[in-house]
Amino acid sequence: MSATVLTASALLLDMDGTLVNSDAVVERCWRRWALKHGLDPEAALKVVHGRQGYATMAVLLPDRPVEENHADNRVMLAEETADVDGVVPIGGAPAFMAAIAGLPHALVTSADSALATARMGAAALPMPAVRVTAEQVGASKPDPEGFLKGAAELGFGAADCIVFEDSEAGIAAGRAAGMRVVGVGPRAAALAPDAHVEDLTQIRVEAAGDGTIRLHIDEA
C-alpha cells in the first residue's frame, strides 16, 4: 500500500457502490428487466451502474422511444425503493460519514429522492443536508451536471472539490466536471481515478486549520 494525501474544500459523494452496497437489489431488478426485454442479463449489468435507469435503457435498447424508457424507469425506481433486502453500508462508511459530518459535503446520486432516502436509511447512514438527486438534473451521469450543481450549492469551484465514485459513468462525470476523483471498490480500480481504495476504511479525514479537508488515503 502507498499513502496519498489529497486536500479539498468540499467532498461530493456518490451513493450506490460508494457509500451503500446495493448491488443485490440492482442485480435483482435489472435481471428481471433484461429478461423481460429479451436481453442478456450479464451484458445489461455491465452498463447499469452509475447511470439513471432511463439512460441505461437507452444504451441497451437504442431504438426504443425515450418516453418508454422514462416510463420503465419510473416502475424500476418504485421496485428498487421497495426492495432494501441486502442493502448495507460500504466498509468504513459509518465512520467516514461521522468524520465529515461538520465539513462541506453533498450527496450526488443518480437515484431519486425516495430511493436515496430508502437506501441511506437501510444502511443506517446519515443523509447529507445538501444532496443532488435525479429530480434535480436534466442529464444523467456521465454528464457532469450533478457534480457541478453539488459544488455550486456548497459554494465551491470544481477544482476545490473531490468526488467519491465507484462506476465508469460516475468517474467520467467527475472528470468532466473538472474535479479530482477517489475511486471506491472493484469497479473503479481499472478506471485510473486520482486515488483508489477498496472501501472507506482506507481513508482518514482531517479537518485542517485553514478550513480545508485533508484526506489521508492508504491506496489499494
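For the reader, a short list of remarks on this structure follows.
- The range 104-220: C-alpha gyration tensor shape, a/c 1.5 cut-off, then a/b vs b/c: rounded
- Each helix, a run of at least 4 DSSP H residues, gives -39500 (n - 2.57); summed and divided by the residues of the chain, these come to -10500 deg cm²/dmol at 222 nm.
- The chain - percent relative contact order, Cα under 8 Å, separation 6 or more: 29 percent
- Paramagnetic label zone (point 7 Å from Cα along Cα-to-C-beta, HIS216; backbone N under 20 Å) in the range 4-26: 4-11
- Alpha-carbon centroids, the range 43-73 and the range 139-212: separation in whole Å: 24 Å
- Computed over the range 111-220: relative contact order in percent, which uses C-alpha pairs under 8 Å that are six or more apart: 16 percent
- Rounded to the nearest 10 degrees, the inclination of helix 145-154 to the longest alpha-carbon principal axis of the chain is 40 degrees.
- Anisotropy class of the range 23-120 from Cα gyration tensor, a/c 1.5 cut: prolate
- Computed from the Cβ-Cβ distance with R0 of 25 Å, the FRET efficiency linking VAL66 to ALA152 stands at 0.35.
- Degrees, to the nearest 10: 23-36 long Cα axis against longest axis of the chain: 20 degrees
- Cα gyration tensor, the range 167-220 - rounded (a/c under 1.5), prolate or oblate: oblate
- When the solvent-accessible area of the chain is split by element, carbon and sulfur atoms take up 55 percent of it, the probe being 1.4 Å.
- Rounded to 10°, Cα long-axis angle of helix 113-122 versus longest principal axis of the chain: 70 degrees
- Highest average packing first - 190-203, 60-73, 100-113, 157-170, Cβ atoms within 10 Å: 157-170, 100-113, 190-203, 60-73
- The chain - share of DSSP beta bridges that are antiparallel (%, nearest 5): 45 percent
- Charged side chains reduced to their Cβ positions (Lys and Arg at +1, Asp and Glu at -1) give the range 52-180 a dipole of some 480 debye around its Cα centre.
- Ignoring lysines fewer than eight residues from LYS36 along the same chain, the ones with Cα atoms less than 26 angstrom from its Cα are LYS46, LYS141.
- Within the listed set VAL75, VAL130, VAL181, the residue fluctuating most in the Gaussian network model of the chain (springs between alpha-carbon atoms under 10 angstrom) is VAL75.
The values are calculated or read from the model by the stated rules, or taken from the named source; none is laboratory data. In this text, all values refer to a predicted model and were calculated from it rather than measured experimentally. Please note: Cβ atoms are built from the backbone with ideal geometry, for glycine as well, and neighbour counts cover all protein chains shown. The accessibility values were calculated without ligands, DNA or RNA, using every heavy atom of the protein model including side chains. Shrake-Rupley method; radii C 1.70, N 1.55, O 1.52, S 1.80 Å.
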